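**Q** Let me give you the structure first, and then I'll get to my questions.
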Amino acid sequence: MDVIPIKSIKDIPTEEDIFPGTPTCAGCGGLLALRHCLKALGKKVIIVNAAGCFTLLSIYPFTPFQNSWLYTAIACAPAGAQGVRDALDILIRKGRLDPEEDLKVVVLTGDGAAYDIGLASTSGAIYRNLDFYYICYDNEAYGNTGFQWSGATPFASKTGTTPAGRISPTGTELSKKNLFEIWRSHKPPYLATISPAHPVDLINKFKKAEQYKGPKLFINLSPCPPGWATDPSHSAMFAKLAVDTGIWALKEAICGDVRHTFVPKKFRPVEEYLKGQGRFAHLFKPVRQEEILAKIQEMVVQYWNEVQDNESIKK
Amino acid sequence: MTKEMLTGNAAAAWGVRLAEVDYIPAYPITPQTEIIETLAKWISAGVLDARFVTVDSEHSMITAAGAASATGVRVFTATSSQGLLYGFEMLYAVAGWRVPLVMVNVSRGLSAPITLEPDHNDILAARDSGFLQIHCETCQEVLDSILMAYRLAEDERVLLPVFVNMDGFHLSFTREPVEIPDLEKAKMFLPAYQPRHAFFKASQPMAQGVAVIGGPAYSYFKYQMHLASIKALEVYNEASKEFGKIFGRSHNTIEGYMIDDAEYILVMINSFSTLGKAAIKEARAKDIKAGLLKLRLLRPFPESDIVKAIKGAKAAAVVDQNISVGKGGILHSEIAGAICNQKDKPLLLSFIGGLGGKNISPQEFEFIIDCMVKAADTGEIPAPRLLYTETEWKEMDRLKKMAGKL
Ligand code: SF4
C-alpha cells in the first residue's frame, strides 16, 4: 500500500479540531503537536487519557475537542483503550452499532505514564496487538506536578527532584530511557518519533500509520516552557533545535525496521540547544561544566554513528 | 430448569452465561480462576457469545471493564484479595463513571502474611468505593445474585457497579446442588443492556470521566452516587420480588434465621453463616432463644431492615471475619452505627473469628451465645474478643518452637 505524502505545510488542513482557550501553558509543545495529530486523525476519534497535564483539557462542563474523551488514571490508559476498542468491535459485530459510528481509539499520555507507571499496561496492549494509536507528549519530566524527574528525563537536566547542587552538579545522572526501543522490541506495525517543529513529517507519519491494524505509537518531544525554563514563544525553536542538533532523532519503525525520516545535512552543536534552557543552565553557570557538555555531544555523535552504520546514511 | 452440583465458582460462571455478557477482561488469581476458565471454555465452545481478553493486571482489567461498560456493552470480571487491592484505584474510578458492570470477588485474606483462605478484609476494603455489594452464603445465591446484580446495576435509578462476594475455598470450591434457570426465564428477569447514558460513537461525541475543579462540583457528583446507592435499596426489593415470581425463590437484603422470637442474635455474613445456623439449632435444642441475622446486601447498607430484625432482642453478637487493625470488627461498627439511636436496642457484642479461613467451632459459637446470655443478665458488655481455641493456641506454640521463637 502506498500513501501519497504531503509535501508542504500548505497541505495541512486549516480547520482546527481542538479549540483554543485550554488550560495548558502558553507555548506547550505537546499541545502544538496534538493539534497536528488530530488534523491527521480526523473527527471520528476517542481519546483515552492518562493522568497528566492534558487531563486538564477536559474539565466539566467543557472540552476543547470535537471528538470523544475518556479520562482513566495515570497507569492504565492503554487498558482503557482496550475496553473501548473491544466494546466497539463487539457492538458492531452484534449489529448494535452502525459501523459508520466506529471510532479510532487514541491513547494520550505524558512521559511519566508512558515511560514509567504505565509501561506494563502499554506493553500489554502492544503485545495483544490492540488496534489503537498512542501519543506520548514527552516533556522529559513529570510536568503536571511541577517538573520532577521521570524515566524520560535526559542526562544533565535539572528537575525538581534532581536539582543540581554542590554534591551532584550534574542534575540528572541517568540517561533518558529508550522507550522507542522498548516499544520496538514488541514489533508493533508502526512506531515513530515526531516533533511539533516538523508538522509535515508528523502528518505523513500518521498517514502511513493509518494503513496498519494494530498499535500505532508516537513519541513527541514536547518543549515545556515552565519546566524547561524557556520563553513560551521559543517552543517551536527548541523543538527544531532538538532535531537539528541530533538530540531528537525523527524516525519510524515499521514492524520493527527502523528508518530515520529526517537527517540534518549538518548537525548543529548540542550547546545551541542546551544553552537557552533553564533546566541546563547549571552546565554553563557559574562555571562551564565542560566534561558534561562534551559527554552530551559524544552521546549524540555515537547515536548517529550507529545510525550511519545501520542505515548507511550520509551524515 | 436443571439442577446440577456446582462449585461457587461454576455457579458464578453460570450466572454470567445466563446474563449473556458481552465482554470479559480477566486476570487469574486463586481462588477465582475457575470462574474465568469456565467462561473461556464456553466462549471457545461457542455457547457464550462474548469476547474474553486476559490483560496485564487487575488494574488494567478493571479499567478495561469500566471503559467497555462506558462504551455500552455488558461486562463481567472477577478477582480476589491481592488482585482486588492491586486494582483498587480503578474501583473508585469506574464507580464514578457510573458504569453498571458486575464483578465477583472471591474473598481471601490479605497479605502479609500471604495466605489463600478467606476472610473479608479484601471486599470490605472496597466498602466505600461506590460499588454495591451482595454477599453470598450458598452456591445458589451466587448464581442468582449475579442476575440480580445486573438488574440492579443497569437500573437507571442506580447505574453503579456491583460486587458479588463469596468465600474462597469454603464456597468457591464447594459443590452444592444449584438450580440453573432456563435462559428464557433469565431474559425475562434481565433484559438486554441498552444504555442511554454510556456510549461512544462518531455521530455524538461525548467526554466521560472528566476532571472537575472545586469542591462544589466534586461534592455534587459524589453525593449523587450516594443517593443512587441508597435508591438501590428500593430497586433491590422490587427486583427481589420479581425474581421470586419468575424463579420461585428470592433473596432479601438480609436473611433472618429463627430470628422472629430470638432474644440472642448472631450477626454474620457469607459462608460461615452456615456454621452459625448450626450453632443456633444447637442453642434452640437447649431452650436458648437464639437466632441469626445474615447480611446479604452490604452496600447500600439496609439499615432499617437490620434495625427491625434485631429490635427487641436482649443481645446481639457480631462475628466479624475481618479486622480493622487498631479498631476491631468492621461490621460491628456498622451495626452499632445503625442501632445507636434506637430505643429498644439490644446490647451489642463484638467477636472476631475466621481470619484467614480459621474455623469457628461449635464450642466457639457456644461461647459467644453464652457471653450474650451473661451480658443480658449482668448488663455488662465484655471487651471485643478474638475467637481462638486452646488447641489452636497450642499448635501455634509448636510452630513458634520450630521457628526458634519459643
Ligand atoms: S507543564 Fe509543560 S507539558 Fe504541561 S501543559 Fe505546561 S507546557 Fe505543556
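The values are calculated or read from the model by the stated rules, or taken from the named source; none is laboratory data. Values in this document were obtained by computation on a predicted structure and should not be read as measured data. Neighbour counts are summed over all protein chains in view; Cβ atoms, including those assigned to glycine, are modelled from backbone coordinates with ideal geometry. For accessibility, only protein heavy atoms count, side chains too; no ligands or nucleic acids. Shrake-Rupley method; radii C 1.70, N 1.55, O 1.52, S 1.80 Å.
**Q** Just checking, which of B:351, B:301 is part of a loop (DSSP other than H, G, I, E, B) and among the aromatic types (Phe, Trp, Tyr)?
**A** The unique qualifying residue is B:301.
**Q** Among the residues of the range A:223-248, write down those that are open to solvent by 10 Å² or more (accessible area, probe 1.4 Å) and either away from the ligand (no atom under 16 Å from the Cβ) or under 17 Å from residue A:306 (Cα atoms) (or both).
**A** Selection gives A:240, A:241, A:244, A:247, A:248.
**Q** Output yes when any residue across the range B:14-21 is aliphatic (A, V, I, L, M), more than 29 Å from residue A:72 (Cβ to Cβ) and more than 12 Å from chain A (Cβ to nearest Cβ), and no when none is.
**A** Within the range B:14-21, one or more residues are aliphatic (A, V, I, L, M), more than 29 Å from residue A:72 (Cβ to Cβ) and more than 12 Å from chain A (Cβ to nearest Cβ).
**Q** Now, a different point. With the condition kept exactly as written, say whether any residue in the range B:211-228 is buried (at least 16 other Cβ atoms within 10 Å of the Cβ), in contact with a Ser or Thr (Cβ under 7 Å, 6 or more places away or on another chain) and either in a helix (DSSP H, G or I) or within 14 Å of chain A (Cβ to nearest Cβ) (or both).
**A** yes
**Q** Another question, then. Which of the numbered conditions does residue B:315 fail, given that it passes all the others? Conditions: (1) within 23 Å of residue B:171 (Cβ to Cβ); (2) in contact (Cβ under 8 Å) with a residue 60 or more places away in the chain; (3) open to solvent by less than 10 Å² (accessible area, probe 1.4 Å).
**A** Of everything listed in (1) within 23 Å of residue B:171 (Cβ to Cβ); (2) in contact (Cβ under 8 Å) with a residue 60 or more places away in the chain; (3) open to solvent by less than 10 Å² (accessible area, probe 1.4 Å), residue B:315 misses just condition (1).
**Q** Additional query: Restricting the search to the range B:140-184, which residues are open to solvent by 10 Å² or more (accessible area, probe 1.4 Å), farther than 18 Å from residue B:38 by Cβ and touching a helix residue (DSSP H, G or I) at 6+ places or on another chain (Cβ under 6 Å)?
**A** Passing the criteria: B:151, B:155, B:157.
**Q** Condition test on residue B:287, is it outside any strand (DSSP E or B), at pLDDT below 95, surrounded by fewer than 16 Cβ atoms within 10 Å (Cβ to Cβ) and among the acidic types (Asp, Glu)?
**A** no
**Q** Out of (1) surrounded by 14 or more Cβ atoms within 10 Å (Cβ to Cβ); (2) under 24 Å from residue B:71 (Cβ atoms); (3) modelled with pLDDT of 95 or more, the odd one out for residue B:198 is which?
**A** (3)
**Q** Continuing with the same structure: Do you know which residues across the range B:51-80 are facing another protein chain (nearest Cβ under 8 Å) and among the small types (Gly, Ala, Ser)?
**A** B:57, B:60, B:64, B:65, B:66, B:67, B:68, B:69, B:70, B:72
**Q** Still on this structure: Within the range B:22-31, can one find any residue that is open to solvent by less than 10 Å² (accessible area, probe 1.4 Å), more than 9 Å from chain A (Cβ to nearest Cβ) and closer than 23 Å to residue B:243 by Cβ?
**A** Scanning the range B:22-31 turns up no residue that is open to solvent by less than 10 Å² (accessible area, probe 1.4 Å), more than 9 Å from chain A (Cβ to nearest Cβ) and closer than 23 Å to residue B:243 by Cβ.
**Q** While we're here: When residue A:252 is evaluated against the numbered criteria (1) under 27 Å from residue A:309 (Cβ atoms); (2) of a type in the set (Asp, Glu); (3) assigned to a loop (DSSP other than H, G, I, E, B), which criterion, by number, is the only one it fails?
**A** Going through (1) under 27 Å from residue A:309 (Cβ atoms); (2) of a type in the set (Asp, Glu); (3) assigned to a loop (DSSP other than H, G, I, E, B) one by one, residue A:252 breaks only (3).
**Q** Here's a check for you: in the range A:53-104, which residue that is touching a residue at least 60 places away in the same chain (Cβ under 8 Å) and either in contact with a Leu (Cβ under 8 Å, 6 or more places away or on another chain) or within 7 Å of chain B (Cβ to nearest Cβ) (or both) is most open to solvent (accessible area, probe 1.4 Å)?
**A** In this case the residue turns out to be A:56.
**Q** Output the residues belonging to the range A:131-175 that are within 14 Å of chain B (Cβ to nearest Cβ) and either within 16 Å of the ligand (Cβ to nearest atom) or open to solvent by 10 Å² or more (accessible area, probe 1.4 Å) (or both).
**A** Within the range A:131-175, A:131, A:144 meet the criteria.
**Q** How many residues, within the range A:105-122, are in contact (Cβ under 8 Å) with a residue 40 or more places away in the chain and either facing another protein chain (nearest Cβ under 7 Å) or not small (Gly, Ala, Ser) (or both)?
**A** Of the residues in that region, 12 qualify.
**Q** Within the range A:23-52, restricting attention to residues that are open to solvent by less than 30 Å² (accessible area, probe 1.4 Å), more than 14 Å from residue A:222 (Cβ to Cβ) and not hydrophobic (A, V, I, L, M, F, W, C), which residue is farthest from the ligand (Cβ to nearest atom)?
**A** Per the stated criteria, the residue is A:42.
Conditions (1) farther than 29 Å from residue B:138 by Cβ; (2) under 20 Å from the mean Cα position of the chain (by Cα); (3) outside the structural domain of residue B:174 (by TED's automatic domain parsing), marked per residue:
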{"residue": "B:201", "(1), (2), (3)": "yes, no, no"}
{"residue": "B:210", "(1), (2), (3)": "yes, no, no"}
{"residue": "B:216", "(1), (2), (3)": "yes, no, no"}
{"residue": "B:228", "(1), (2), (3)": "no, yes, no"}
{"residue": "B:274", "(1), (2), (3)": "no, yes, yes"}
{"residue": "B:288", "(1), (2), (3)": "no, no, yes"}
{"residue": "B:297", "(1), (2), (3)": "no, yes, yes"}
{"residue": "B:302", "(1), (2), (3)": "no, yes, yes"}
{"residue": "B:309", "(1), (2), (3)": "no, yes, yes"}
